[in-house]
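Student: After the structure tokens below, expect a handful of questions from me.
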Amino acid sequence: MGVNKIYLRHKNFWTRDNFLLLLGGILLFVFALFIQHFAYNYIDNSANVTSVGDLLLNNLPTINLDFFIVQGALLLTLIVIFLFVIYPKYLPFSIKTLALFIIIRSFFISLTHLGFNLHQLTLNANSIGFSIYDFLYNAKNDFFFSGHVGASFLFALIFWKEKFWRNLFFIISFIFGISMIFAHMHYSIDIFAAPFITYSIFIISKNLFKVDFELIK
């Protein structure tokens, strides 16, 4: 794809109205990050968190899939940024939908306090990009529902019209799910519930942000 074609896309897309839609999305996203910050602090400091039994985790070995969890999340982030560069029309709706995703997930993880699985993998703090991952995504006790699986599934729904990227996001979501289970980083319910909750968030977002969604239709 030529640089000139991408330039023309941006030039034709960024009208005053579309810029205001993006500005509204950025403000909502910043608000969502504040909500998430307080939710993370709350669950990190919650007392009496205990691990519980899990049908799959109790019968599966712990496998070191650190690479898929840490570097995979960073790769997903880079892919999304790249897509926003080449497809600017997706940006206003995506950022608002992601903000809604963060807000709803922050509410969910604050409700029930579970501890780490007894066999949970300890991520390698010396791995490439871990400090960035730890700053952006890592938290304690944020189990229900899986952000890795949910976010990648969400972008598959958002970029549904782009067949290659839609399928890639579905594959990434599946890899995240498998990795989280075998690394015992999430309880199995966190993984299996994530696509259903994420789909609901997507439908809510389509109705809340109709103007933004029309831009990608």
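Student: So I172 clears everything in (1) buried (at least 23 other Cβ atoms within 10 Å of the Cβ); (2) without any contact (Cβ under 8 Å) to a residue 60 or more places away in the chain; (3) more than 22 Å from F108 (Cα to Cα) except one condition, right? Which one?
Tutor: Of (1) buried (at least 23 other Cβ atoms within 10 Å of the Cβ); (2) without any contact (Cβ under 8 Å) to a residue 60 or more places away in the chain; (3) more than 22 Å from F108 (Cα to Cα), only one is false for I172: (2).
Student: With the checklist (1) basic (K, R); (2) more than 17 Å from the chain's Cα centre (by Cα); (3) under 20 Å from F169 (Cβ atoms) in hand, flag the one item K96 doesn't pass.
Tutor: If we test K96 against (1) basic (K, R); (2) more than 17 Å from the chain's Cα centre (by Cα); (3) under 20 Å from F169 (Cβ atoms), just (2) comes out false.
Student: Could I ask something else about it? From the list N64, N41, N58, N4, which one is without any contact (Cβ under 8 Å) to a residue 24 or more places away in the chain and assigned to a loop (DSSP other than H, G, I, E, B)?
Tutor: Just a single option satisfies the conditions, and that option is N58.
Student: Sticking with this one: Quick one: which helices (runs of 4 or more DSSP H) sit completely within region 128-206 and have at least 3 residues that are in contact with a helix residue (DSSP H, G or I) (Cβ under 6 Å, 6 or more places away or on another chain), hydrophobic (A, V, I, L, M, F, W, C) and over 26 Å from N41 (Cα atoms)?
Tutor: In region 128-206, the matching helices (runs of 4 or more DSSP H) lie at 147-158, 163-182.
Student: When residues of region 92-115 are filtered for being polar (S, T, N, Q), part of a helix (DSSP H, G or I) and under 11 Å from I35 (Cβ atoms), how many remain?
Tutor: Step one: list which residues in region 92-115 are polar (S, T, N, Q), which gives 94, 97, 106, 110, 112.
Right, trim to part of a helix (DSSP H, G or I) and you get 94, 97, 106.
Filter once more, so that each one left must be under 11 Å from I35 (Cβ atoms): 106.
The total comes to 1.
Student: Does L33 qualify as being at pLDDT 90 or above, surrounded by fewer than 16 Cβ atoms within 10 Å (Cβ to Cβ), assigned to a helix (DSSP H, G or I) and more than 19 Å from the chain's Cα centre (by Cα)? Lay out the reasoning, then the answer.
Tutor: Numbers: at pLDDT 90 or above: yes; surrounded by fewer than 16 Cβ atoms within 10 Å (Cβ to Cβ): yes; assigned to a helix (DSSP H, G or I): yes; more than 19 Å from the chain's Cα centre (by Cα): no.
Answer is no for this residue.
Student: Right, another one. Going by what's in this entry, would D134 be described as among the acidic types (D, E), modelled with pLDDT under 90, buried (at least 21 other Cβ atoms within 10 Å of the Cβ) and farther than 22 Å from N207 by Cα? Even if it seems obvious, please write down each step before you answer.
Tutor: Numbers: among the acidic types (D, E): yes; modelled with pLDDT under 90: yes; buried (at least 21 other Cβ atoms within 10 Å of the Cβ): no; farther than 22 Å from N207 by Cα: yes.
No: the conditions fail for D134.
Student: Given the criteria β-branched (V, I, T), touching a residue at least 12 places away in the same chain (Cβ under 8 Å) and within 19 Å of V30 (Cβ to Cβ), does I69 qualify? Steps first, please.
Tutor: On the way: β-branched (V, I, T): yes; touching a residue at least 12 places away in the same chain (Cβ under 8 Å): yes; within 19 Å of V30 (Cβ to Cβ): no.
The answer is no for I69.
Student: Right, another one. Of the numbered conditions (1) at pLDDT 90 or above; (2) touching a helix residue (DSSP H, G or I) at 6+ places or on another chain (Cβ under 6 Å), L123 fails exactly one; give the number of that condition.
Tutor: The single condition L123 does not satisfy is (1).
Student: Can we say I201 is among the β-branched types (V, I, T), at pLDDT 95 or above, under 16 Å from the mean Cα position of the chain (by Cα) and more than 23 Å from F68 (Cβ to Cβ)?
Tutor: Taking the combined requirement at face value, the residue satisfies it.
Student: Check off (1) surrounded by 18 or more Cβ atoms within 10 Å (Cβ to Cβ); (2) free of Cβ contacts under 8 Å to residues at least 12 places away in the same chain for I81 and give me the number that stays unchecked.
Tutor: (1)
Student: Then there is this: If you check L22 against the conditions, is it under 23 Å from M180 (Cβ atoms) and at pLDDT 90 or above?
Tutor: no
The values are calculated or read from the model by the stated rules, or taken from the named source; none is laboratory data. In this text, all values refer to a predicted model and were calculated from it rather than measured experimentally. Using ideal geometry, Cβ is built from the backbone for each residue, glycine included, and neighbour counts are taken over all protein chains shown.
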